[in-house]
Amino acid sequence: MKFVDEFRDAALGRVLAGEILGAVPPGRHLKIMEVCGGHTHAIYKYGIDDLLPANVELVHGPGCPVCVIPMGRVDDGIAIARQPGVILTCFGDMMRVPGSDGTLLEAKAQGADVRMVYSPLDALRIAKSEPDREVVFFAIGFETTAPSTALTLKRAKAEGVTNFSCFCNHVTIVPPLRALLDSPDLRLDGFVGPGHVSTVVGARPLEFIPADYGKPVVVSGFEPVDILQSVLMILRQLGEGRCEVENQYKRVVPYEGNLRALEVMAEVFALRPHFEWRGLGFISHSGLRLSDAYADLDAELRFAVPGVRVADPKACQCGEVLKGVIKPFECKVFGSACTPERPIGTCMVSSEGACAAYYNYGRFAREREVV
């Protein structure tokens, strides 16, 4: 199959691994952050980290859309779901994200009408079929999923669907990366750039990383050969003293992004002054809200929500995992009190979470043996 099988070629992967070994600057321990949770899962699913030399370390970034939702926003969603006559719709992962008093799945078990959908258009379809109910879509994700929410809201307005609204929790990728680079806790040598987000925003918004912080960035695809080639491109930049944004994922990512998607997002959304991230605190201009033109479809204005900040459980170290400060196996509750079946933190819930990747692909056992 074009653009899949050739990027899973084991022989080509071994060749790239050999080239990576020869490209590592001698005497240096390099830390490269893969921003996207999809990259994290590919790395451990295919054993890519085992092909890298010991002095090239991959650390995990804040690019998992479910992982960054703070507990207070989950509580707000549950509060909306429990209001009479409301159907709350969300993606499957969000149903198991812990709030301060349970999850949306538990609220559903207690009588709230919470339904899993595969897209915001599914939520709009429910609103049309049940005109006597208020239907709310719990929107999450980076710029990857924001255009689909924006187009759904445009359709709802155009078709006059008045019982549909959006609880917007969309976030943007650049502010958290800047916050990470400003943090004294973490030293990074380069970034495997987010492939999914870049299909929408392009590679251009990442130029601040080499320009302001002197770190190379390579936007990468999600197959094993993609990631190995991206690591090699970063090492070559470091070895040659270069520092720039390169696009390994050219077959999907245009450098300028998807201009039509960006145009729709600019119409429907506006930046929030501040937005709280799970484990990272408040980051300026990092979250999206509905613009004034779409305020009549904003669930936060239509319904009363607590809007209270809730501290993460003391045992949970999702914030440190999202910042790349610790590996999942270093969390005290990883694989014991916190599992995919009974998660304490969001990194164990999401299909893109680093803790779920370690757990599902057996990394926790191997890492504990090494330690």
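The values are calculated or read from the model by the stated rules, or taken from the named source; none is laboratory data. Just so it is clear, the structure is predicted and the values come from calculations on it, not from any experiment. Glycine gets a Cβ as well: all are built from the backbone with ideal geometry, and neighbour counts include every protein chain shown.
Screening the candidates Glu320, Glu300 for the property of being over 13 Å from Pro98 (Cβ atoms), at pLDDT 90 or above, out of contact with any His (no Cβ under 8 Å at 6 or more places or on another chain) and acidic (Asp, Glu) yields one hit, Glu300.
Apart from one condition, Ala139 fits all of (1) in contact with a Lys or Arg (Cβ under 9 Å, 6 or more places away or on another chain); (2) assigned to a strand (DSSP E or B); (3) small (Gly, Ala, Ser); the exception is (1). Of all residues in the range 1-32, those that are touching a Lys or Arg at 6+ places or on another chain (Cβ under 7 Å) and either more than 28 Å from Asp185 (Cβ to Cβ) or of a type in the set (Val, Ile, Thr) (or both) total 1. Among the residues of the range 249-266, is any in contact (Cβ under 8 Å) with a residue 40 or more places away in the chain, hydrophobic (A, V, I, L, M, F, W, C), under 13 Å from Pro194 (Cα atoms) and in a helix (DSSP H, G or I)? No, the range 249-266 has no match at all.
Yes or no, residue by residue, for (1) surrounded by fewer than 24 Cβ atoms within 10 Å (Cβ to Cβ); (2) in contact (Cβ under 8 Å) with a residue 24 or more places away in the chain; (3) of a type outside the set (A, V, I, L, M):
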| site | (1), (2), (3) |
| --- | --- |
| Lys128 | yes, yes, yes |
| Ala139 | no, yes, no |
| Pro147 | yes, yes, yes |
| Gly160 | yes, no, yes |
| Phe164 | no, yes, yes |
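Taking (1) under 30 Å from Leu188 (Cβ atoms); (2) part of a strand (DSSP E or B); (3) among the charged types (D, E, K, R) in turn, Asp49 satisfies each apart from (2).
Among all positions in the range 9-27, there is no residue which is in contact with a Leu (Cβ under 6 Å, 6 or more places away or on another chain), in contact (Cβ under 8 Å) with a residue 40 or more places away in the chain and under 28 Å from Phe275 (Cβ atoms). Taken as a whole, the condition of being among the small types (Gly, Ala, Ser), farther than 21 Å from Cys168 by Cβ and under 23 Å from the mean Cα position of the chain (by Cα) does not apply to Ala299. Within the range 343-360, the set of residues being at pLDDT 85 or above and not in a helix (DSSP H, G or I) comprises Pro343, Ile344, Val349, Gly353. Residues that are touching a residue at least 12 places away in the same chain (Cβ under 8 Å) and under 17 Å from the mean Cα position of the chain (by Cα) number at least 1 in the following helices (runs of 4 or more DSSP H) confined to the range 179-247: 195-201.
Criterion applied to Gly319, Gly287 was being touching a strand residue (DSSP E or B) at 6+ places or on another chain (Cβ under 9 Å) and touching a residue at least 60 places away in the same chain (Cβ under 8 Å), and the one residue passing it is Gly287. Ala146 meets each of the listed conditions (1) in contact with a Lys or Arg (Cβ under 9 Å, 6 or more places away or on another chain); (2) in the same structural domain as Ile87 (by TED's automatic domain parsing) apart from (1).
Among the candidates Ile69, Ile20, Ile87, the residue that is surrounded by 15 or more Cβ atoms within 10 Å (Cβ to Cβ), in a helix (DSSP H, G or I) and modelled with pLDDT of 90 or more is uniquely Ile20.
Looking across Ser165, Ser230, one residue alone is within 26 Å of Asp76 (Cβ to Cβ), out of contact with any Pro (no Cβ under 9 Å at 6 or more places or on another chain) and of a type in the set (S, T, N, Q). It is Ser165.
Restricting the range 108-127 to residues that are part of a helix (DSSP H, G or I), among the aliphatic types (A, V, I, L, M) and touching a strand residue (DSSP E or B) at 6+ places or on another chain (Cβ under 6 Å), which is nearest to Ala156 (Cα to Cα)? Top of the filtered list is Leu124.
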